[in-house]
Ligand SMILES: Nc1ncnc2c1ncn2[C@@H]1O[C@H](COP(=O)(O)OP(=O)(O)OP(=O)(O)O)[C@@H](O)[C@H]1O
Ligand SMILES: [Mg+2]
């Protein structure tokens, strides 16, 4: 009780003393303010972009192995010649995956993707989107269960026994082709083809995937049954728009393999790698050209996590330095204060203050300063975290930011700790002054 | 009369770069409860040194010091602080008030370190301020007060913990003679109310207020005489008890 009263008294005294020297106190904690604000905002921006990256990766499914068709390099250089570039994953590859991996994989999703001009049958609006031929499993592999804005996703009945000409469309495509209307049961035509697809579902807004070589803007996608796609296109994937006379023949653009996720994380990790190894071996054996590629989101996740850890260490280092500088500022001013108030210390000692009382007084004065500095720094940091993305968005930049509660707590408690650490020596020095000498001090 | 403080063969040596300064060379004195002692002597004779030892601000090189019935000459720093806090009141030549505090807050400081500050002690501080004639200036700061007024605050502060003994080192050293007399009247009143006062002074007419004059020379007691004190001429303060 007595101790608490003492603390309360001492704190209010400390605040009064600081108020007496407003400018000086402010300048001495400026280092702490800047340090704390920098930690808060750098942490928020760093974590924000890291989270974005991690989300991206997680969206691809951490238990997925993504096999894609890639145009082999020699084909790319001989663009001028008029021939059909034949490359990539085949239905045979897909069949083999299903057979050899049936104990390791819970789903395989073959897909066929090509860019297309899409327009409603009724008017002349036009949208450059993608057609994705896929199966109902797409919804499971891409976790779309909560992403349906209207209608439904593709079902088995859309494929068997005869493929139906239905489609599910992304939010942007829906908004562009049918502004202000309900897209369900409207019909979309693919430029250059004579078939129309009836919209049975619309998806919600989805974040683009930026992890691959090119950005996938899912919101412009049109999903149709894979079989319908095949009967629509045959095996010619698309006529190349720029290269004038070339065409490409790709049976499957992508096969996603979802690995069995039972067991602990290490087991799942090993299984994902095992599946990737098998796929790699199989494709190397059957494809003379390297016209395929394997992406393992899990690998990218681990890499991203390592990057994040490195960033955190760097940040901790910066934080350490700036708070060290702040702490030295505090120590400097506290030493000056002790000298300046030597006589006061003598008086207090003569009137019965113990060494510990004097220590407490000056220590608390330092801690009150750094704590206030910490509070101001947190506020400045937080307002940067809100302001910078706002200003950036005015210039069409996206600055992702994520505030962690613990970053605030951390920055704040480090500020307090700096007060204790750097206030200790000056406070001890004050306490160890000889009372008589101190009383004689001018 | 009960002996309230007693020093036996007290010495104090200062060590300065190999040289020894013998500030006190064996002082034996005892002080009775309710006494009013003037310590006199030439500059450098060891008056302040003795007073600081009596005030437990320092420890003697050798010899014993009993305050009440405790031997304080061997106490630790913390214990000495405790003793100062509870049993000793200080009055200094240069007032030594805490500049950023108001009158009441200054008076309160010793209680702060006893860990008892509350509404009732605040009232006590206000009463003391009124007693020394500063009832109107409770919230003034030292810089807004005259020297005499500051010394009154210091006196009130020296009384707040109801000490065994009040130690004053040239309490009127910075004051003009009229103000000095006022301060001495105040001290005299306190003494009549039972307070033990030990006061260092250079001036004979200040020493004349005391009941006993101890003269020092070269760190030793030269003479120790009882005198008839001046007394207060019809003071209005006589009835005040802190
Ligand atoms: N801290 C110290 N270090 C070294 N010598 C000291 C110290 N304090 C006092 N002395 C010496 O001790 C002697 C006695 O000093 P003291 O202050 O007690 O004298 P005083 O009687 O109070 O003199 P004055 O009347 O001038 O105040 C002096 O010679 C002084 O130089
Ligand atoms: Mg002296």
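Could you list, in sequence order, the residues of the stretch B:16-42 that are free of Cβ contacts under 8 Å to residues at least 40 places away in the same chain and within 8 Å of ligand 1 (Cβ to nearest atom)?
Within the stretch B:16-42, B:16, B:21 meet the criteria.
Looking only at the stretch B:192-220, how many residues end up being buried (at least 18 other Cβ atoms within 10 Å of the Cβ), in a strand (DSSP E or B) and either away from ligand 2 (no atom under 15 Å from the Cβ) or at pLDDT below 95 (or both)?
Residues flagged as buried (at least 18 other Cβ atoms within 10 Å of the Cβ), in a strand (DSSP E or B) and either away from ligand 2 (no atom under 15 Å from the Cβ) or at pLDDT below 95 (or both) within the stretch B:192-220 amount to 4.
Quick check: anything in the stretch A:337-359 surrounded by fewer than 24 Cβ atoms within 10 Å (Cβ to Cβ), more than 14 Å from chain B (Cβ to nearest Cβ) and either closer than 30 Å to residue B:79 by Cβ or out of contact with any strand residue (DSSP E or B) (no Cβ under 8 Å at 6 or more places or on another chain) (or both)?
Yes: the stretch A:337-359 contains one or more residues that are surrounded by fewer than 24 Cβ atoms within 10 Å (Cβ to Cβ), more than 14 Å from chain B (Cβ to nearest Cβ) and either closer than 30 Å to residue B:79 by Cβ or out of contact with any strand residue (DSSP E or B) (no Cβ under 8 Å at 6 or more places or on another chain) (or both).
Of everything in the stretch B:34-64 that's more than 15 Å from ligand 2 (Cβ to nearest atom), under 23 Å from residue B:210 (Cα atoms) and more than 14 Å from every other protein chain (Cβ to nearest Cβ), which residue is surrounded by the fewest Cβ atoms within 10 Å (Cβ to Cβ)?
Only one residue tops the list, namely B:34.
Just name the residue that is nearest to the other protein chains (Cβ to nearest Cβ) out of those in the stretch B:154-180 that are away from ligand 1 (no atom under 16 Å from the Cβ) and surrounded by fewer than 18 Cβ atoms within 10 Å (Cβ to Cβ).
The residue in question is B:162.
For residues in the stretch A:154-180 being modelled with pLDDT under 85 and touching a helix residue (DSSP H, G or I) at 6+ places or on another chain (Cβ under 9 Å), which is surrounded by the most Cβ atoms within 10 Å (Cβ to Cβ)?
Applying the filter and picking the extreme gives A:163.
Being assigned to a loop (DSSP other than H, G, I, E, B) and surrounded by fewer than 24 Cβ atoms within 10 Å (Cβ to Cβ) narrows it down to one residue among A:401, A:417; which is it? Full working, then the answer.
Working: A:417 fails: assigned to a loop (DSSP other than H, G, I, E, B).
Only one candidate passes the filter, namely A:401.
Testing residue A:149 on (1) touching a strand residue (DSSP E or B) at 6+ places or on another chain (Cβ under 7 Å); (2) in a helix (DSSP H, G or I), one condition comes back false. Which one is that?
Among (1) touching a strand residue (DSSP E or B) at 6+ places or on another chain (Cβ under 7 Å); (2) in a helix (DSSP H, G or I), residue A:149 violates only (2).
Among (1) at pLDDT below 80; (2) within 33 Å of the chain's Cα centre (by Cα), there is one condition residue A:204 misses while meeting the rest; what is its number?
(1)
The values are calculated or read from the model by the stated rules, or taken from the named source; none is laboratory data. Here the structure is a predicted model, which is why all the values come from computation and not from measurement. Heads up, the Cβs are rebuilt from the backbone with ideal geometry, glycines too, and the neighbour counts pull from every protein chain shown.
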